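Peer 1: Sharing a structure, written as structure tokens. Questions coming.
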Amino acid sequence: MVGAGPGDPGLITVRGLALLRGADVVVYDRLGAGALKRFVRPDAKRVYVGKQPKQHTKTQAEITHILIREARAGRSVVRLKGGDPFVFGRGGEEAEALAAAGIPFEVVPGITSAIAGPAAAGIPVTHRDAAASVAIATAHEAPGKAGSRINWGALASADTAIFLMGVERLAGVARALIDAGKPASTPTAVIQDATLPTMRTVAAPLSRIASAAARAKIRPPAITVVGEVVSLRDVLGGWDTRPLSGVRVLVTRTREQASELSAILSELGADVLEAPAIRIEQPRSFAALDRAVSRLRDGRYAWVVLTSANGVRAFAARLRAAGLDARAFAAAKVAAVGPGTADALASLGIVPDLIPPSFTTDAIGKAFPKGSGRVLLARADVVEPGLEEAMARKGWDVERLVAYRLRGQTSMAPEIRRAVLDGEVDVLTFASGGTARAFMKLLKRKPPARTKVVCIGPVTAKAARAAGLRVAAVARVHTIPGLVAAVVDVAGAKTTGSPRRARAR
Ligand code: SAH
């Protein structure tokens, strides 16, 4: 029985992760499913026992029956539960049933949303000056519910009171606390989707929290925190006050290349969607690449020019296939379009002789020296025009090599396409012109005017405009971090009045 933590997949325990990775069967519900997607073996059996719209929801008896049946079949079963298994998750009941059936089991505690949710919102549940006691209760048992066992007097006298579940009963909870003696002015916060990219926090005095949450359309899962500690959020800030909190960003790079960009955007709080518009394929034949490799070894090139990390990898692969290494470059100088390409070269032990001051293919052409001799230009099959001509004008004999091919993806995930067309994605990012063209082919219509398009550089922006997009910003530095900085700029301009501003004052 493994606690998955409050939502962010990084908040599962090391022990929980090890068991999840080794599981034959994982029985899960909606909370904690993020860890499941990331870490479970692809061949493991997944059994969903959570709520399903318009469908019969599994009863507790049915769930324990599944656990017992799978365990008796000799499988290693993980019952994955959001937060901590024993905090309002009915984990206790499931464990009792396993004990009664004689099934050996282990409980792996998890980080409970009751404490981690407030922490992620910048609210310490205890504080030397502000709170020496915490009470955790369910809001489901707000006054009016028959058979409620909640002691409202005790909750009102705890320095910090935390309520799980039942956000729709917030008004009743607030009234009951005030009736039991809690000052109406007590700082209160409601935290939705704590630690997830969709996290939102609304703060207001206790007497006004229900209307504030309703206005902000707060939905489950959400936690309510009542106490002086809530005002510390103003000083501490939370996961949802990062530069891209509440901003949805689409990454259109290839699946292999998306992760670097996605990781930086996520660190800044963005809700990142990935829809690769293109993919990389090997050339139809390696003959041209292999010929270039042997010419390089024979010292026939004065320069080798690389305009992408993909080109470096494709070339390096054929170098290795020929039993060669970086020494084959001995006689040649090397140019790289920018730091990403230079990093890829660094893994071969090569430091470029030329990186233009601005990281575009146009800038390579400008920065390239005059001279004569042969230049190898290793690129994709479909590229923005201009570079070869610029080099030829400087006297070089340019040999253009297709190191890899770019192909448009044949489809885009329908839910992502719909989100883009419905204006639910705030920013679209493009790191190459080919990607922008391929993306528009998949989208088939223009995105709504409120969606901001951000491009890595002027060459990409030109291609994006030609494909029918309105470009909101072009990165000043034409690198992935530069692209992220431009996303932050356009998102900052947009989010005034968005939920992330609705924080404690
Ligand atoms: N065992 C879980 C709680 C299960 S009860 C734990 O320890 O966290 C389900 C309730 O937990 C939800 O209704 C909500 O109040 C709270 N919850 C769980 N995850 C949450 C999250 N990421 N953000 C806000 N509330 C969350």
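The values are calculated or read from the model by the stated rules, or taken from the named source; none is laboratory data. The structure displayed is predicted, hence computed values, not measured ones. Cβ placement follows ideal geometry from the backbone for every residue including glycine, while neighbour counts extend to all protein chains displayed. To get the accessible areas, we keep the full protein, side chains included, count just its heavy atoms, and leave off ligands, DNA and RNA. Shrake-Rupley method; radii C 1.70, N 1.55, O 1.52, S 1.80 Å.
Peer 1: Measuring with a 1.4 Å probe in the full set of protein chains, what accessible area per residue, in whole Å², belongs to the stretch 118-221?
Peer 2: 45 Å²
Peer 1: Excluding same-chain residues fewer than 8 positions from Lys366, which lysines have a Cα within less than 28 Å of its Cα?
Peer 2: Lys333, Lys394, Lys462
Peer 1: Another question, then. Using θ = phi - 60° and the Karplus curve 6.51 cos²θ - 1.76 cosθ + 1.60, what whole-Hz ³J(HN,Hα) does each residue of the stretch 307-322 get, with Gly and Pro shown as x?
Peer 2: Here the 3J(HN,Hα) series is 10, 6, 4, 4, x, 4, 5, 5, 5, 4, 5, 6, 4, 5, 4, 8 Hz.
Peer 1: Any chance you could check the Cα centroid distance between the stretch 22-49 and the stretch 231-268 for me, in angstrom?
Peer 2: Between the Cα centres of the stretch 22-49 and the stretch 231-268 lies a distance of 25 Å.
Peer 1: Once amide H atoms are built 1.01 Å from N in the peptide plane, which residues 5 or more positions from Val334, or in another chain, come under 5 Å H to H?
Peer 2: Those lying under 5 Å, H to H, from Val334 are Val304, Asp353, Leu354.
Peer 1: Using a 1.4 Å probe over the heavy atoms of the protein chains, calculate the carbon and sulfur portion of the accessible area of the stretch 303-450 as a whole percent.
Peer 2: Solvent-exposed carbon and sulfur of the stretch 303-450 make up 52 percent of the total.
Peer 1: Rounded to the nearest 20 debye, what is the charge dipole size of the stretch 277-321 about its Cα centre when +1 sits on each Lys and Arg Cβ and -1 on each Asp and Glu Cβ?
Peer 2: The calculated dipole for the stretch 277-321 is roughly 60 debye.
Peer 1: Still on this structure, please answer the following. Computing the accessible area with a 1.4 Å probe over protein heavy atoms, can you report the carbon and sulfur percentage for the stretch 196-283?
Peer 2: 54 percent
Peer 1: Right, something else. Please give the length that would be gained between Lys441 and Asp325 if that part of the chain were fully extended, namely 0.36 nm times their separation in residues minus their C-alpha to C-alpha distance (nm, one decimal).
Peer 2: Roughly 37.8 nm would be gained on extension.
Peer 1: Ignoring ligands, DNA and RNA, what percent of the accessible area of the stretch 2-111 is carbon or sulfur (1.4 Å)?
Peer 2: 56 percent
Peer 1: Using a 7 Å offset from the Cα along the Cα-to-Cβ direction at both Lys366 and Ser411, what is the distance between the two label points in nm, to one decimal?
Peer 2: 4.4 nm
Peer 1: Shifting gears a bit: With charges only on Cβ, +1 for K and R and -1 for D and E, what is the dipole size of the chain about its Cα centre, in debye, rounded to 20?
Peer 2: So the magnitude is around 1600 debye.
Peer 1: What aspartates and glutamates sit close enough to Lys58 to cross-link, taking a C-alpha to C-alpha distance under 19 Å and skipping anything fewer than 8 places away on the same chain?
Peer 2: Partners found: Asp29, Glu70, Glu93, Glu94, Glu96.
Peer 1: Quick check: the distance between the Cα centres of the stretch 98-139 and the stretch 403-458, to the nearest angstrom?
Peer 2: Cα centroid to Cα centroid, the span is 42 Å.
Peer 1: Also, I was wondering about something else. Which ³J(HN,Hα) values in Hz, rounded to whole numbers, follow from the phi angles of the stretch 209-219 under the Karplus curve 6.51 cos²θ - 1.76 cosθ + 1.60, where θ = phi - 60° and Gly and Pro get x?
Peer 2: Residue by residue, the stretch 209-219 yields 5, 5, 6, 5, 5, 5, 4, 7, 6, 5, 10 Hz.
Peer 1: Can you run the Rg to Rh ratio on the chain? Use alpha carbon positions and the Kirkwood inverse-distance Rh.
Peer 2: Result for the chain is an Rg/Rh of 1.08.
Peer 1: Heavy atoms only, 1.4 Å probe, whole protein assembly: order His56, His127 by accessible area, highest first.
Peer 2: His56, His127
Peer 1: I would also like to ask the following. List the lysines whose Cα sits under 19 Å from the Cα of Lys37, skipping any in the same chain fewer than 8 residues away.
Peer 2: Here the lysines satisfying the reach criterion relative to Lys37 are Lys45, Lys51, Lys81.
Peer 1: Loop only per DSSP, at most 10 neighbouring Cβ atoms within 10 Å: give me the GluC sites (Glu not before Pro) in the stretch 1-108, ordered by residue number.
Peer 2: On the way: sites: Glu62, Glu70, Glu93, Glu94, Glu96, Glu106; in loops: Glu106.
Hits after loop and neighbour filter: Glu106.
Peer 1: OK, next. Can you give the extra length, in nm with one decimal, that the chain gains between Arg291 and Arg75 once fully stretched, where that is 0.36 nm per residue apart less the Cα-Cα distance? List each step's numbers first, then the result.
Peer 2: Values: separation 216, 0.36 × 216 = 77.76 nm, distance 5.44 nm.
Extra length from Arg291 to Arg75 when fully extended: 72.3 nm.
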